[in-house]
Amino acid sequence: MKVDAILFDFDGVLIESEAIGNRQIADYLTGIGHPTSLEESMANFMGLSGADFLRRIEQWIGRPIPDDFHEARKAEDARVMAEGIEAVAGAVAFVESLPDSLPRAIVSSSSTRWIRRHLDHIGLTGMFGDHIYSGREHVERGKPAPDLYLYAARQLGVPIERAAIIEDSPVGATGAVASGGHVVGLCAGSHCAPDHDRKLRALGVHVIAHDFGDVARLLG
């Protein structure tokens, strides 16, 4: 499919942050008496942010979140902000291969500060200009609502039906499909289990890509 714009999720699509972040969550919850595997953390919390993320944690443990949870998360965020997170295989080359004339944006549940720091780390600073959009900062309803994708498409001046959306998480895929964009379910990150493509297909993504070579072929 030829498209007029590409909307990229960030965590798990451009950087390998999903496995890192969910491992910290799993270790913390296990440490306070709620055994949680990495796989369970990703299945329950991946793609969520803000109040939705906190509610899901409380549902999982069956009680209010301990006060030190937030301190533990801040410490982990500070660590990875200082060290940087590596790119998903093929992501940098794919973005760099895009023609300058093709509009593109990032649509993420993370903060713009987080996104810009890690874009700098993987060498993609400037590739998205001001089109870096956060579900925390730019819309009232973050993922899995479709609002962020619709907002980004408007900012690019492209009908959402003519935009490709690259998503890796079930939460993101749900919102992307609801937006009416052409959704590519990406299974390239290290967090993607062998059946990850099946989960994304069940949510209605239009095509599956197992790496960025697949993305390039699918989008022409």
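Among the residues of the stretch 152-209, which ones are modelled with pLDDT of 95 or more, hydroxyl-bearing (Ser, Thr, Tyr) and under 28 Å from Ala26 (Cα atoms)?
Correct list: Thr174 only.
Ile20 - would you say it is within 17 Å of Ser190 (Cα to Cα) and among the β-branched types (Val, Ile, Thr)? Give the derivation first.
Working: within 17 Å of Ser190 (Cα to Cα): yes; among the β-branched types (Val, Ile, Thr): yes.
Yes; evaluated as a whole, the condition is true for this residue.
If we only count strands (runs of 3 or more DSSP E) wholly inside the stretch 105-220, which ones have 3 or more residues that are under 13 Å from the mean Cα position of the chain (by Cα) and touching a residue at least 24 places away in the same chain (Cβ under 8 Å)? Explain how you work it out, then say what you get.
Details: elements: 132-134, 163-167, 182-186, 207-209.
The strands (runs of 3 or more DSSP E) meeting that bar are 132-134, 163-167, 182-186.
Looking only at the stretch 1-20, filter to residues that are under 23 Å from Tyr133 (Cβ atoms), among the small types (Gly, Ala, Ser) and surrounded by fewer than 23 Cβ atoms within 10 Å (Cβ to Cβ); which one of those is modelled with the lowest pLDDT?
Restricting attention to the stretch 1-20, the residues satisfying the condition of being under 23 Å from Tyr133 (Cβ atoms) are 1, 3-18, 20.
The next check asks that each one be among the small types (Gly, Ala, Ser); those that pass are 5, 12, 17.
Restricting the remaining residues to those that are surrounded by fewer than 23 Cβ atoms within 10 Å (Cβ to Cβ) gives 5, 17.
On the way: Ala5: 98, Ser17: 89.
Only one residue tops the list, namely Ser17.
Could you tell me how many of the residues in the stretch 38-67 are more than 18 Å from Arg23 (Cβ to Cβ) and in a helix (DSSP H, G or I)?
8
Would you check if Ser101 is within 18 Å of Ile6 (Cβ to Cβ) and of a type in the set (Ser, Thr, Tyr)? Explain how you work it out, then say what you get.
Values: within 18 Å of Ile6 (Cβ to Cβ): yes; of a type in the set (Ser, Thr, Tyr): yes.
Spelling it out, Ser101 is indeed within 18 Å of Ile6 (Cβ to Cβ) and of a type in the set (Ser, Thr, Tyr).
Would you check if there is a residue in the stretch 69-89 being in contact (Cβ under 8 Å) with a residue 60 or more places away in the chain, surrounded by fewer than 18 Cβ atoms within 10 Å (Cβ to Cβ) and in a helix (DSSP H, G or I)? Give the derivation first.
Filtering the stretch 69-89 down to residues in contact (Cβ under 8 Å) with a residue 60 or more places away in the chain leaves 80, 85-89.
Now restrict to residues that are surrounded by fewer than 18 Cβ atoms within 10 Å (Cβ to Cβ): 86, 89.
From what's left, in a helix (DSSP H, G or I): none.
Scanning the stretch 69-89, I find no residue that is in contact (Cβ under 8 Å) with a residue 60 or more places away in the chain, surrounded by fewer than 18 Cβ atoms within 10 Å (Cβ to Cβ) and in a helix (DSSP H, G or I), so the answer is no.
For (1) more than 23 Å from Ser37 (Cα to Cα); (2) modelled with pLDDT under 95, each residue gets a yes or a no:
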position: Glu71; (1), (2): no, yes
position: Ala87; (1), (2): yes, no
position: Thr112; (1), (2): yes, no
position: Ile115; (1), (2): yes, no
position: Ile122; (1), (2): yes, no
position: Gly126; (1), (2): yes, yes
position: His131; (1), (2): yes, no
position: Ala145; (1), (2): yes, no
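The values are calculated or read from the model by the stated rules, or taken from the named source; none is laboratory data. Here the structure is a predicted model, which means the values were calculated and not measured. Glycine gets a Cβ as well: all are built from the backbone with ideal geometry, and neighbour counts include every protein chain shown.
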